[in-house]
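Contents: one structure, followed by commentary.
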Protein chains: 2
Amino acid sequence: MTEEVKAEELKSKLSNRLYTDSLYYDVKLTEKFSKMLGLQLFSKLNSPVSPEEFLVLDVTYSNPDICQRDLAKLLVKDRANTGRLLESLEKKEFIKRVVDVKNNRLVKKIVLTEEGDKVLHDVMAKVFPVFDKVSEKFTDEEIKFTKDILKRMRDTFKDIVELQI
Amino acid sequence: MTEEVKAEELKSKLSNRLYTDSLYYDVKLTEKFSKMLGLQLFSKLNSPVSPEEFLVLDVTYSNPDICQRDLAKLLVKDRANTGRLLESLEKKEFIKRVVDVKNNRLVKKIVLTEEGDKVLHDVMAKVFPVFDKVSEKFTDEEIKFTKDILKRMRDTFKDIVELQI
DNA sequence: ATAAGTATGTTGTAAATGCAACATGTTTTT
DNA sequence: AAAAACATGTTGCATTTACAACATACTTAT
């Protein structure tokens with residue numbers, strides 16, 4: 001086989017490669033379905049919080065007294081969006097933002113209210129079973145394996161992507 | 001162990017479960033990093049199309065003369081968003097929308113222009129190598145396995161989620 | 001001591017999203 | 001034949017997004 005033919009084949013292969021065949025598009029599509037299920041569930045349940053607000057409650061619950069920027073880092077959201085989600089949650093009285101000092105700097109620490117705690121666990125009780133139905137299709141090993149792959153993928157992304165939080 | 005204690009433990013476990021520990025949050029986070037890498041790459045390259053527009057070109061390329069609704073189904077986007085992305089691509093003259101008849105109904109078939117084809121492959125040539133760097137961290141087996149798991153997950157979601165396309 | 005840099009939070013903006021509602025036709029039911 | 005349902009595409013709207021730019025206030029460099 002000549003070099004020319006090889007190069008032609010390579011070129012052909014390259015131009016026939018599709019983004020939609022990649023693992024990254026699989027991840028994108030899967031997240032889209034998962035997100036839509038969340039949206040539809042929260043809507044059907046008349047949840048007082050959106051899926052993203054629920055996420056904030058979830059992380060706040062497991063990280064009491066965290067300040068906004070540290071919360072943003074955990075959420076992998078920028079400070080602007082984190083602040084807006086918190087503003088909405090505070091307006092609904094599911095959290096309070098308490099001004100405090102950390103490293104000699106003013107920060108706003110997030111405190112879950114009783115009502116916020118209640119909403120978090122109410123939503124969990126209704127939403128978890130639905131997602132559990134999906135998880136039933138997989139073995140514990142499969143889930144563990146996939147979580148590991150995705151974590152390694154994120155770690156690789158972190159070296160390339162500029163996160164400004 | 002009494003039933004009461006068991007129930008107490010179960011309740012405790014339930015309330016200690018976190019959404020952020022779930023596989024679905026892993027998928028969400030991973031997609032977020034992947035999306036951000038795409039955004040930053042396209043921006044750095046001064047790409048004439050956004051990542052979502054690139055996706056439309058990718059699917060149009062591999063499905064010539066597809067109509068808007070069928071394209072929407074492949075993209076798993078609703079008709080409204082698909083139409084808006086196409087409107088933007090047509091304005092930039094990367095596609096044309098040709099009115100045609102299918103099943104005795106008027107449809108708009110999507111045709112990639114020469115310029116659109118060029119942009120698609122230019123962007124591919126610049127973006128694929130970056131994502132390939134990430135893929136290098138995984139064996140072919142791992143990628144195949146993960147794609148399979150995610151596909152099964154989507155198939156399960158499809159039975160639960162209402163897709164109105 | 002002054003300047004430059006950093007930390008924290010806010011406001012503005014453009015893109016993409018899903019859903020609802022609409023317009024306009026064609027089928028199917030009744 | 002009239003009514004209901006469906007197919008296709010569009011417009012409007014509220015949510016979420018990332019990024020840029022800003023306001024304060026503190027730290028570090030010069």
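In peptide B:143-150, how many Cβ atoms from other protein chains are near each Cβ within 10 Å, on average?
Neighbouring Cβ atoms belonging to other protein chains average 6 per residue here.
Hey, if you put +1 on the Cβ of every Lys and Arg and -1 on every Asp and Glu Cβ in chain B, which of B:130, B:16, B:40 ends up farthest toward the positive end of that dipole?
Working it through, the farthest residue towards the positive pole turns out to be B:40.
Sum up the charges of everything whose Cβ sits under 12 Å from the Cβ of residue A:83, counting Lys and Arg as +1 and Asp and Glu as -1, but leave residue A:83 out.
+3
In whole angstrom, how far apart do the alpha carbon centroids of region A:74-100 and region A:121-141 sit?
27 Å
Could you go through region A:19-26 in sequence order and give the Karplus-derived ³J(HN,Hα) for each residue, using 6.51 cos²θ - 1.76 cosθ + 1.60 with θ = phi - 60°, rounded to whole Hz, and x for Gly and Pro?
4, 5, 8, 7, 4, 5, 6, 4
In whole Hz and in residue order, list the ³J(HN,Hα) couplings for region A:73-82 that follow from phi through the Karplus curve 6.51 cos²θ - 1.76 cosθ + 1.60, θ = phi - 60°; x for Gly and Pro.
The phi angles translate into 4, 5, 7, 6, 10, 6, 5, 4, 5, 4 Hz.
Just to confirm a number: summing +1 for Lys and Arg and -1 for Asp and Glu over residues other than residue B:159 whose beta-carbon lies under 11 angstrom from that of residue B:159, what do you get?
Net charge in that neighbourhood comes out at +2.
So who's got an amide H within less than 5 Å of the one on residue B:107, skipping anything under 5 residues away but keeping other chains? H placed 1.01 Å off N, in plane.
Under 5 Å from the amide H of residue B:107: B:100, B:101, B:102.
Using Cα atoms only, what is the angle between the long axis of helix B:114-135 and the major principal axis of chain B, expressed in degrees (0 to 90) to the nearest 10?
Compared with the principal axis, the helix lies near 30 degrees.
Can you give the convex hull volume of the alpha carbon atoms of chain A per residue, in Å³?
Enclosed volume per residue, from the Cα hull, is 179 Å³.
Could you give, in nm with one decimal, how far residue B:115 is from each other copy of that position, shortest first, with labels 7 Å out from Cα toward Cβ?
Label point to label point, same position, other copies: 5.5 nm.
By the scheme Lys and Arg +1, Asp and Glu -1, what is the net charge of all other residues having a beta-carbon under 13 Å from that of residue A:119?
Neighbour charge sum, excluding residue A:119 itself: -4.
Kindly write out, for region A:141-148 in residue order, the coupling ³J(HN,Hα) from the Karplus curve 6.51 cos²θ - 1.76 cosθ + 1.60 (θ = phi - 60°), rounded to whole Hz, with x marking Gly and Pro.
Taking θ as phi minus 60°, the curve returns 5, 4, 5, 4, 4, 5, 4, 5 Hz for region A:141-148.
Chain A: which residue's Cβ hugs the A-to-B rotation axis most tightly, distance rounded to whole Å?
Nearest Cβ to that rotation axis, in whole Å: A:31, 2.
Which residues' amide hydrogens lie under 5 Å from the amide hydrogen of residue A:138, considering only partners 5 or more residues apart or on another chain, with H built in the peptide plane?
The list, which skips near neighbours in sequence, is empty: none.
Skipping prolines and chain starts, which residues have an amide H placed within reach, meaning under 5 Å, of the one on residue A:95, given they are 5 or more residues away or on another chain?
When sequence neighbours closer than 5 places are left aside, the close amide H contacts are A:90, A:113.
Rounded, prolate or oblate: which fits region A:67-165 when a ≥ b ≥ c are the square roots of the eigenvalues of the alpha-carbon gyration tensor, with rounded for a/c under 1.5 and prolate only if a/b beats b/c?
In terms of gyration-tensor shape, oblate.
Assuming a ≥ b ≥ c are the square roots of the Cα gyration tensor eigenvalues, decide whether region B:120-160 counts as rounded (a/c under 1.5), prolate (otherwise, with a/b larger than b/c) or oblate.
Because a/c hits 1.5 or more and a/b fails to exceed b/c, region B:120-160 counts as oblate.
Show that you can apply the helix-only estimate: for chain A, add -39,500 (n - 2.57) for every DSSP H stretch of four or more residues, divide by all residues, and state [θ] at 222 nm to the nearest 500.
About -22500 deg cm²/dmol.
Where a number appears in this text, it was derived from the coordinates with a stated rule and is not lab data. Note that the coordinates shown come from a computational prediction; the quantities given were computed from them, not determined experimentally. Glycine also receives a Cβ, built like all others from the backbone with ideal geometry; neighbour counts cover every protein chain displayed.
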